[in-house]
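Heads up: the structure comes next, in structure tokens.
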Amino acid sequence: MLLIEKNDHIAVVTLNRPEAMNALSKALRSALYQAMVELDADPETSVIVLTGAGRAFTAGLDLKELGRDPLGMGAANATDAKENPVLAIQTCRKPVIGAINGAAITGGFEVALACDVLIASTNARFADTHARVGIMPGWGLSQRLSRTIGVYRAKTLSLTGNFLDAQTAYEWGLVSQVVEPDALMPTALKLAADMASIPAETLSIYKAIIDGGYDVAFGESLELEHKVSSSHNAAVTPEMVEARRAAIQARGRTQ
């Protein structure tokens with residue numbers, strides 16, 4: 001369910017559950033964490049490219065799995081990097097380039113936002129459907145998105161659940177480049193190679209400086225999100241998730 005290829009100091013990590021739109025099951029979240037830890041410690045890896053197999057980057061948490069697990073909603077507010085893929089990515093001191101090949105939805109949108117740079121295929125789409133599922137984001141989206149594209153645009157997306165196409169994402173500053181699908185990985189690998197030409201230690205230190213300055217006030221806002229989200233999501237039952245999932249699928253068939 002997770003593929004790793006290494007070449008010339010670049011590691012390509014592919015979420016590989018295309019039949020489930022690369023939904024982040026518990027097993028996949030754990031595998032992503034393990035991969036990030038190992039690649040962070042690998043002296044032969046300087047840069048990581050994260051992408052998805054098939055038509056989606058990732059659809060976020062596996063709602064089918066959550067609908068069967070009374071404790072599954074805890075993943076939405078997990079503070080353990082083995083359960084929280086955003087934290088898993090953030091444990092890595094090396095640059096992570098998100099090659100967004102298709103839909104990045106809800107938790108998948110949060111994973112995309114955790115990357116250091118985003119390059120999108122023309123097939124890429126982004127959506128925050130937390131409100132439509134009846135839960136609150138717990139991996140940072142409510143704070144990261146507004147800081148990336150502006151508070152009014154963020155509210156437009158989050159309070160409707162509507163999709164954002166790749167070109168608009170570029171115009172709003174969410175992604176740095178939009179390319180045709182067959183050019184996505186070559187473009188991402190070229191950028192990764194440019195980064196990898198710099199000493200790995202320098203890359204890590206510079207990334208840490210940028211992130212550290214960005215997070216000074218940001219950390220408090222994440223605490224707010226976690227407090228509100230944990231309280232709300234604790235009342236969400238598997239039956240509620242399943243009912244909302246069915247409604248979302250029905251909506252997708254009519255739009």
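Take the residues in region 171-189 that are in a helix (DSSP H, G or I) and over 18 Å from the mean Cα position of the chain (by Cα), then tell me which one is nearest to residue 102 (Cα to Cα). Filtering region 171-189 for residues that are in a helix (DSSP H, G or I) and over 18 Å from the mean Cα position of the chain (by Cα), the one nearest to residue 102 (Cα to Cα) comes out as 181. Does residue 27 satisfy being farther than 18 Å from residue 92 by Cβ, buried (at least 20 other Cβ atoms within 10 Å of the Cβ) and either in contact with an Asp or Glu (Cβ under 8 Å, 6 or more places away or on another chain) or in contact (Cβ under 8 Å) with a residue 24 or more places away in the chain (or both)? No: the conditions fail for residue 27.
Is it the case that residue 65 is touching a Gly at 6+ places or on another chain (Cβ under 7 Å) and of a type in the set (Asp, Glu)?
Yes, satisfied.
Scan region 160-170 and give yes if some residue there is exposed (fewer than 15 other Cβ atoms within 10 Å of the Cβ), at positive phi and under 17 Å from the mean Cα position of the chain (by Cα), otherwise no. Checked against the condition, which is being exposed (fewer than 15 other Cβ atoms within 10 Å of the Cβ), at positive phi and under 17 Å from the mean Cα position of the chain (by Cα), region 160-170 yields no hits at all. With respect to the conditions (1) surrounded by 24 or more Cβ atoms within 10 Å (Cβ to Cβ); (2) at pLDDT 95 or above, residue 137 falls short on a single one, namely (2). The set of residues in region 36-49 being crowded, with 20+ Cβ neighbours inside 10 Å and either outside any loop (DSSP other than H, G, I, E, B) or among the basic types (Lys, Arg) (or both) consists of 36, 39, 47, 48, 49.
Tell me whether region 55-64 contains one or more residues that are closer than 15 Å to residue 6 by Cβ and at pLDDT 95 or above.
Going through region 55-64, the residues closer than 15 Å to residue 6 by Cβ turn out to be none.
No, because not a single residue in region 55-64 is closer than 15 Å to residue 6 by Cβ and at pLDDT 95 or above.
Within region 91-168, which helices (runs of 4 or more DSSP H) (wholly inside it) include 1 or more residues that are free of Cβ contacts under 8 Å to residues at least 12 places away in the same chain, of a type outside the set (Gly, Ala, Ser) and more than 18 Å from residue 32 (Cβ to Cβ)?
Values: elements: 107-114, 130-133, 141-149, 151-158.
Answer list for region 91-168: 151-158.
With respect to residue 32, is the statement that it is within 15 Å of residue 86 (Cα to Cα), assigned to a helix (DSSP H, G or I) and not aromatic (Phe, Trp, Tyr) true?
Numbers: within 15 Å of residue 86 (Cα to Cα): yes; assigned to a helix (DSSP H, G or I): yes; not aromatic (Phe, Trp, Tyr): yes.
Spelling it out, residue 32 is indeed within 15 Å of residue 86 (Cα to Cα), assigned to a helix (DSSP H, G or I) and not aromatic (Phe, Trp, Tyr).
Kindly provide the set of residues from region 1-26 that are closer than 12 Å to residue 85 by Cβ and either assigned to a helix (DSSP H, G or I) or out of contact with any strand residue (DSSP E or B) (no Cβ under 9 Å at 6 or more places or on another chain) (or both), ordered by number. Matches in region 1-26: 26 only. Of the residues making up region 114-137, those that are farther than 22 Å from residue 97 by Cα and of a type in the set (Gly, Ala, Ser) number 2.
Look through region 205-249, keep the residues that are among the hydroxyl-bearing types (Ser, Thr, Tyr) and touching a Ser or Thr at 6+ places or on another chain (Cβ under 9 Å), and return whichever of them is surrounded by the most Cβ atoms within 10 Å (Cβ to Cβ).
Filtering region 205-249 down to residues among the hydroxyl-bearing types (Ser, Thr, Tyr) leaves 206, 214, 221, 229-231, 237.
Of the ones still in play, those that are also touching a Ser or Thr at 6+ places or on another chain (Cβ under 9 Å) are 221, 229.
On the way: 221: 16, 229: 19.
If we take residues in region 205-249 being among the hydroxyl-bearing types (Ser, Thr, Tyr) and touching a Ser or Thr at 6+ places or on another chain (Cβ under 9 Å), then 229 is surrounded by the most Cβ atoms within 10 Å (Cβ to Cβ).
For region 59-90, the set of residues classified as in a helix (DSSP H, G or I), of a type in the set (D, E, K, R) and either surrounded by 16 or more Cβ atoms within 10 Å (Cβ to Cβ) or free of Cβ contacts under 8 Å to residues at least 24 places away in the same chain (or both) consists of 65 only.
Within region 105-118, the set of residues being touching an Asp or Glu at 6+ places or on another chain (Cβ under 9 Å) and over 14 Å from residue 158 (Cβ atoms) comprises just one member, 116.
The values are calculated or read from the model by the stated rules, or taken from the named source; none is laboratory data. Keep in mind the model is a prediction, meaning the values are calculated, not measured. Ideal geometry is used to build each Cβ from the backbone, glycine not excepted, and the neighbour counts take in all protein chains shown.
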